Amino acid sequence: MNRVMLIGRLTAKPELRYTSSNVPFARFTVAVNRTFSNANGERETDFISTVIWRKQAENVCNYLDKGSLISVEGRIQTGSYDDKDGNKRYTTDVVADSVEFLESKAQRQNSAYNANNNYTDNISPYDYQNETSTSSVSVENDPFADFGDSVSIDDNFLD
């Protein structure tokens, strides 16, 4: 069985894209706090790459923004590609079957206001209340950094 359930916050506003067959999809990252503290007493955050298809992709892009609290249900999918230098890169994504919006726009704006005005910059997007939260993932480890802006996905990979 391959099922994933996540609750977390978007790290950036999702962007709607289309396959060559005009099928809408969106990629986004969900910041999910771990349920335990590390040796220093800090809670770490995992950043989960997620993709969603068709009408739900349009809804996610139209109604959600950076910091939105969501739940995602889906499955893990692995893949690989060759980067511009010919090196094989491996990917792991959650392919979302459903995304639920867990807070209203007013709640999200209030959370963002509190995070911007009452807390320090090292707080993860998911945990506004925990000032000791830190990230264990760096942007330099992004497997899609050299992938380019356009994405071409063959319809054979669609469900």
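Residues that are in a loop (DSSP other than H, G, I, E, B), surrounded by fewer than 19 Cβ atoms within 10 Å (Cβ to Cβ) and without any contact (Cβ under 8 Å) to a residue 24 or more places away in the chain do not occur anywhere in the range 74-82.
With the structure loaded, tell me whether ILE70 is crowded, with 17+ Cβ neighbours inside 10 Å, out of contact with any His (no Cβ under 6 Å at 6 or more places or on another chain) and touching a residue at least 60 places away in the same chain (Cβ under 8 Å) or whether it fails that test.
Details: crowded, with 17+ Cβ neighbours inside 10 Å: yes; out of contact with any His (no Cβ under 6 Å at 6 or more places or on another chain): yes; touching a residue at least 60 places away in the same chain (Cβ under 8 Å): yes.
Spelling it out, ILE70 is indeed crowded, with 17+ Cβ neighbours inside 10 Å, out of contact with any His (no Cβ under 6 Å at 6 or more places or on another chain) and touching a residue at least 60 places away in the same chain (Cβ under 8 Å).
So which residues in the range 15-26 are free of Cβ contacts under 8 Å to residues at least 60 places away in the same chain and either farther than 23 Å from LEU102 by Cβ or within 11 Å of the chain's Cα centre (by Cα) (or both)? Spell out the reasoning first.
Keep residues of the range 15-26 that are free of Cβ contacts under 8 Å to residues at least 60 places away in the same chain, which gives 15-16, 18, 22, 24, 26.
If the condition is that a residue be free of Cβ contacts under 8 Å to residues at least 60 places away in the same chain and either farther than 23 Å from LEU102 by Cβ or within 11 Å of the chain's Cα centre (by Cα) (or both), then TYR18, ASN22, ALA26 are the ones that fit.
Selection of the range 32-57 for residues being open to solvent by less than 70 Å² (accessible area, probe 1.4 Å) and either modelled with pLDDT of 95 or more or under 18 Å from GLN77 (Cβ atoms) (or both) yields VAL32, ASP46, PHE47, ILE48, SER49, THR50, VAL51, ILE52, TRP53, GLN56, ALA57.
Only one of the numbered conditions (1) surrounded by fewer than 13 Cβ atoms within 10 Å (Cβ to Cβ); (2) of a type outside the set (Lys, Arg); (3) modelled with pLDDT of 95 or more is not met by ASN116, and that is (3). Among the criteria (1) in contact with a strand residue (DSSP E or B) (Cβ under 9 Å, 6 or more places away or on another chain); (2) open to solvent by 70 Å² or more (accessible area, probe 1.4 Å); (3) over 28 Å from MET1 (Cα atoms), the one THR92 does not fulfil is (3).
For the range 1-31, a residue qualifies if it is more than 18 Å from TYR63 (Cβ to Cβ) and open to solvent by 80 Å² or more (accessible area, probe 1.4 Å), and the qualifying residues are MET1, ARG3, MET5, TYR18, SER20, ASN22.
The values are calculated or read from the model by the stated rules, or taken from the named source; none is laboratory data. Bear in mind the structure is a predicted one, so any value in this text is a computation, not a measurement. Cβ atoms come from the backbone with ideal geometry, glycine included; neighbour counts cover every protein chain shown. Accessible surface areas use protein heavy atoms only, side chains included; no ligands, DNA or RNA. Shrake-Rupley method; radii C 1.70, N 1.55, O 1.52, S 1.80 Å.
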